[in-house]
1. Need the failing condition index for GLU399 against (1) acidic (Asp, Glu); (2) under 30 Å from GLN546 (Cβ atoms); (3) open to solvent by less than 10 Å² (accessible area, probe 1.4 Å), just the number.
2. Looking at ARG42, ARG91, ARG79, which one is closer than 30 Å to LEU136 by Cβ, basic (Lys, Arg) and either part of a helix (DSSP H, G or I) or modelled with pLDDT under 90 (or both)?
3. Got a sec? Which of ILE183, ILE210 is surrounded by 14 or more Cβ atoms within 10 Å (Cβ to Cβ) and touching a residue at least 24 places away in the same chain (Cβ under 8 Å)?
4. Since GLY248 meets every condition but one in (1) in contact (Cβ under 8 Å) with a residue 12 or more places away in the chain; (2) touching a Pro at 6+ places or on another chain (Cβ under 9 Å); (3) more than 30 Å from MET166 (Cα to Cα), which condition does it not meet?
5. Quick check: is even one residue across the range 320-329 closer than 26 Å to VAL420 by Cα and loosely packed, with under 15 Cβ neighbours inside 10 Å?
6. Does any residue of the range 335-347 turn out to be of a type in the set (Asp, Glu) and open to solvent by less than 20 Å² (accessible area, probe 1.4 Å)?
7. Of all residues in the range 274-302 being of a type in the set (Ser, Thr, Tyr) and more than 20 Å from VAL350 (Cβ to Cβ), which is modelled with the highest pLDDT?
8. When the residues of the range 193-249 are narrowed to those that are of a type in the set (Lys, Arg) and over 23 Å from LEU44 (Cα atoms), which ends up nearest to the chain's Cα centre (by Cα)?
Amino acid sequence: MGNWAANEGLSTFVIIVWLGINAFLFVHFYLAFLTQRFYYTRVLLGHALSWARAPAACLNFNCMLILLPVCRNLLSFLRGSVQHCSRTAARQLDRNITFHKLVAYMIAFHTAIHILAHLFNFERFMEAQLDNSTTLEFVLSQIGNGDNRSYLNPIRTSDTNPTIVMFTTIAGLTGVAITLALILIITSSMEVIRRSYFEVFWYTHHLFVIFFIGLVIHGAGRIVRGQTPDSLNEHKPELCFQHYKTWGENGTFCPVPNFAGNPPMTWKWVVGPMFLYVCERLVRFYRSQQKVVITKVVMHPSKTLELQMKRKGFHMEVGQYVFLQCPSISQLEWHPFTLTSAPEEDHLSVHIRIVGDWTQGLYEACGGDKPDVQEAWKLPKMGVDGPFGTASEDVFRYEVVMLVGAGIGVTPFASILKSVWYKQMQESANVFTKKIYFYWLCPETQAFEWFADLLKSLEGQMLEKNMADFLSYNIYLTRWKETEAAHFRVHHEAENDPITGLKQMTRYGKPNWDNEFNTIGAKHPGSKVGVFLCGPTVLGKALEKQCHTHSKSDADFIFNKENF
């Protein structure tokens, strides 16, 4: 229970509060439209009125939240401020994308309810206008026909239909625009599309501009109307509804009721986050204009491109990431990459796996497809936005650390291990961390090569300083070819590993995480063990489960995952 509380306690509390506020707003606004002011509106629409307005209030709340988790500069500032007080609170900020997705799902849910309710509402409005009899619904629909001001039914004529109204009113047009934008944004955010067609995800996500413009304007049409306060004083619905045939006649105590639309409220909810997001984009634009110089380009095996760059005034911490733009490929696209350089180095570096159109374009722009060395002046212009904070920033705050990387997901740990190397070189450096367990799972032998040199340097350095126990690394090859297996068998007794050249031999298959956690827990009783992962969701769930279930041991395993 203690491990679960440390890993999930604050996140669960935040989710419960968020769901509670949604539930409160729904119930509060549902009941608010059951009051006397909307008595005659309910005569026309029934309870569909409340079913339309309650989710609208929840939409306002969630649209207020949706932009905040993607204000990266704001989150980095907050993370730097709170991590000195609470490591748990800082970890909550690292789950910003998860919360962003949850809020998006809630927006989709309430949008669906809002749309369905209004479809019923427009049908009821149309039926009331076409009734052409002496029913209360028809009488209410005819109010305001003369001056067209104090009307209740927004459909003002019987010579129309709900489809025409939908495309000729502010509420209808903006509602269609908002819905289409939301459908495109959500469908293009699916994992399969985001990973295979990132450009589709990137461009359609920017339909959020249309979404928010439509959202702010949507209420200006004042479709939902209720009795004015002054009219309620003169015309009591519970007394007058039975005498609707004599409303306004001499000698009657029931004048014709006056109606007015609700003033637009959405802008009050979203103006603050929209202002913060505009500031965020201005900061990004300013950074993108700063000069960035590519100092070195290295093409590693397994189609991995290394870029070393310099930018004036650039400062970083271990495990942080940046967004890169290459104007010669796209003026609009920015892609996130973890920094593989250490804070102690005078440059910033990233390792980029060539897997899509944008990365292929960058590979070609840097001369990766040419046999000759690319001249410096021919290298593409780059924009760098960041750095931004991640969970890996906290790595040196734990006495014992587990680093787990899968494939190219090892990049944040390159920064960490380089920083360890520099700190050990500086005899005076005081490192709180006493033990690092490093696990790297890779599907192909070529992928090891670019990282093996760093591990060799660390291995040699730790032996020289009699600190061989400081770093334990376990490299796993998860797939191999038959020819490679034969080579491994021939060299299995060699002093150094035949794949990496390290003293530590490569293992084959996947780790038994239950055994690994039991062993580490037994070796470090009473310690807080920071578990850091950069890898696929499936592996993340497995490690998170291990952190929760190993509360029986004396060690507390705190799970941290890279999210960007």
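The values are calculated or read from the model by the stated rules, or taken from the named source; none is laboratory data. Keep in mind the model is a prediction, meaning the values are calculated, not measured. Every residue, glycine as well, gets a Cβ built from its backbone with ideal geometry; the counts of neighbours run over all protein chains shown. Note: areas computed on protein heavy atoms with side chains; ligands, DNA, RNA excluded. Shrake-Rupley method; radii C 1.70, N 1.55, O 1.52, S 1.80 Å.
1. (3)
2. One residue alone meets the criteria, ARG42.
3. ILE210
4. Looking at each condition in turn, GLY248 falls short on (1).
5. No, the range 320-329 contains no residue that is closer than 26 Å to VAL420 by Cα and loosely packed, with under 15 Cβ neighbours inside 10 Å.
6. Within the range 335-347, none of the residues are of a type in the set (Asp, Glu) and open to solvent by less than 20 Å² (accessible area, probe 1.4 Å).
7. Among those that are of a type in the set (Ser, Thr, Tyr) and more than 20 Å from VAL350 (Cβ to Cβ), it is TYR277.
8. So, considering only residues that are of a type in the set (Lys, Arg) and over 23 Å from LEU44 (Cα atoms), the one nearest to the chain's Cα centre (by Cα) is ARG194.
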